[in-house]
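Written out below as structure tokens is the structure these notes cover.
The values are calculated or read from the model by the stated rules, or taken from the named source; none is laboratory data. Keep in mind that what you see is a predicted model, and the values were worked out from it rather than measured. All Cβ positions, glycine included, derive from the backbone under ideal geometry; neighbour counts span all protein chains shown. Surface areas here come from the heavy atoms of the whole protein model, side chains and all, with no ligands, DNA or RNA. Shrake-Rupley method; radii C 1.70, N 1.55, O 1.52, S 1.80 Å.
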Amino acid sequence: MCIFSESRRSGYLIKQSAKGVCHVVKFLICSVVGVFLFFAPVFNGNVPLVALVGFLKNTLGSVLINYLVLFLCSSLIVTVCLGKVLKMEPFAKYHQEDGICKIVFYLLAVVFSIMVIFNVGPSQILSKDIGGLAVSLAGSVMLTVILAGWFVVMILKSGIVEFVGVLIEPIMRPLFKLPGCAAVNGIASFVSAPAVGVFMTEQLYKTKCYTHREGVTVLTCFSVCSLGFFGVLVSLAGIEHLYAQVVLTSFVVTFVMAAICVRIPPLSWKKDIYIDNTLQTDDDRITPRVENRLLSAVNAGIKRSGELNFKVFMGTLWSAIAFSQKIVAYVVSIAVIALLLAEHTPLFTWLGMPMIPLLKLLRMPNAAEIAPATLIGIAELALPVIMVSGKGFAVKSIFFIAVLSSVQIIFFTESANAMLECEIPVSMSDLVLCFIVRTLVAMPILALVSHVLF
């Protein structure tokens, strides 16, 4: 159903004319710009997009960013009132999927933001490791999602997704039961941020590149931890010297797990229906044989790049801002609640108890001590390594936890909130079940890698 599949069937060819040359040039330039922004580590190892986010964070400062977070959360309450109470059409449509539970989270986000910014309220919430961390995370997510969500149009509409998709589809279908464009999704998350991968997945789902099953699979298997955040993980864990091993192991294990998880519940239970409720056919899943796959890939890319213009480019900025607004509110509210539970209750310690026998079976050192860290990652990506750092645990165990937290993918301070907010039908129970399945699948693989490396 993707545009590059349609282009192969229709025999779309490059026209040898001035207009055709212009289309080719547009495809090449836009693709190069998109690849440069998202994939070229030219700024001290960071891609331009990540460097730009870092520049803005330093330029704006934490105080102004915190106020911007409060503004976004507060404006969300205003739009809820305009849509739900006054029934104004644009705002009613914007909040048509928002029930009481979501609105409560929006309100909590405003309350928590006010508490942190103006330093009023319970000391537990005002702590820099809880309220401060939550608002800080929300600010980073806000800037990343807005900028990356805006510039991702240079990936989505440049034609590079279709170009790579046509080339790699013969591999993606047998291995992951996914169209080729899913590979670009995974890489985009890896070099920028999980929420960016979610946004890209949503856009491709809306254009019928993905079915429901394929969309949920990409969300939960390819919205990986960003390359830049690995530096944070190894720094918190105190294993900076193992940065390369952590990144490489995470990248390889993520794709191995994707091949496994797509074939077992809950992902295997999802239906192959498109956003318009049409059923995916066997023909849609077949990778057509083409005489010249490279030429077909170029043609598919050129056809998609024809959709990119200034109006589309600016329209994407508004979509990115709207998308970030609700995610920021979720990050603040859910992160504070999750961090409070982690810091001030034994909940995750209790939840980690069933993992102790499995860790002992896998012959992991400090099994009882690291067990809670195997599940707490569902709250926040960095929490597992925070729990095991500076405790004198074996390097093997710290490495195991650091990589495990990065491949679990689903965490409610960012990626899970973005998944719940996107238009791909996925519930909180789906995400929790996927998290548990991914954890159980990853642990034996990572234990084997850990024993080999250490």
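Here are a few things to note about the model shown:
- From ILE436, ILE445, residue being open to solvent by 20 Å² or more (accessible area, probe 1.4 Å), more than 18 Å from LEU242 (Cβ to Cβ), in a helix (DSSP H, G or I) and at pLDDT 90 or above: ILE436
- Boolean, VAL32 is under 22 Å from SER319 (Cα atoms) and either crowded, with 17+ Cβ neighbours inside 10 Å or not basic (Lys, Arg) (or both): no
- The residue that is modelled with the lowest pLDDT, among those in the range 211-223 that are farther than 16 Å from LEU175 by Cβ and open to solvent by less than 10 Å² (accessible area, probe 1.4 Å), is SER223.
- Among the candidates ILE29, ILE65, ILE77, residue that is of a type outside the set (Gly, Ala, Ser), touching a Lys or Arg at 6+ places or on another chain (Cβ under 7 Å) and at negative phi: ILE65
- For VAL110: the one exception among (1) within 24 Å of ALA342 (Cβ to Cβ); (2) in a helix (DSSP H, G or I); (3) open to solvent by 40 Å² or more (accessible area, probe 1.4 Å): (3)
- Within the range 155-180, tally of residues that are in a helix (DSSP H, G or I) and either open to solvent by less than 20 Å² (accessible area, probe 1.4 Å) or not aromatic (Phe, Trp, Tyr) (or both): 18
- Condition check for ASN44 on (1) of a type outside the set (D, E, K, R); (2) modelled with pLDDT under 90; (3) open to solvent by less than 90 Å² (accessible area, probe 1.4 Å): one failure, at (3).
- Verdict on VAL332 being under 27 Å from TYR67 (Cβ atoms) and out of contact with any Ser or Thr (no Cβ under 9 Å at 6 or more places or on another chain): no
- Counted residues, the range 369-398 - those being of a type in the set (Ser, Thr, Tyr) and surrounded by fewer than 23 Cβ atoms within 10 Å (Cβ to Cβ): 2
- Test result for TYR67, farther than 27 Å from TYR243 by Cβ, in contact (Cβ under 8 Å) with a residue 12 or more places away in the chain and either open to solvent by 30 Å² or more (accessible area, probe 1.4 Å) or more than 22 Å from the chain's Cα centre (by Cα) (or both): yes
- The range 304-361 - residue that is touching a Cys at 6+ places or on another chain (Cβ under 9 Å) and at pLDDT 85 or above and, of those, farthest from GLY34 (Cα to Cα): SER333
This table checks each residue for (1) out of contact with any strand residue (DSSP E or B) (no Cβ under 7 Å at 6 or more places or on another chain); (2) crowded, with 16+ Cβ neighbours inside 10 Å; (3) not aliphatic (A, V, I, L, M).
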{"position": "LEU76", "(1), (2), (3)": "yes, yes, no"}
{"position": "THR79", "(1), (2), (3)": "yes, yes, yes"}
{"position": "LYS102", "(1), (2), (3)": "yes, yes, yes"}
{"position": "VAL120", "(1), (2), (3)": "yes, no, no"}
{"position": "ILE146", "(1), (2), (3)": "yes, yes, no"}
{"position": "VAL153", "(1), (2), (3)": "yes, yes, no"}
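- If you filter the range 237-254 down to residues that are of a type in the set (A, V, I, L, M, F, W, C) and open to solvent by 50 Å² or more (accessible area, probe 1.4 Å), you find that the one that is farthest from MET387 (Cα to Cα) is VAL252.
- Filter pass, PRO425 being open to solvent by less than 50 Å² (accessible area, probe 1.4 Å), outside any helix (DSSP H, G or I) and at pLDDT 90 or above: no
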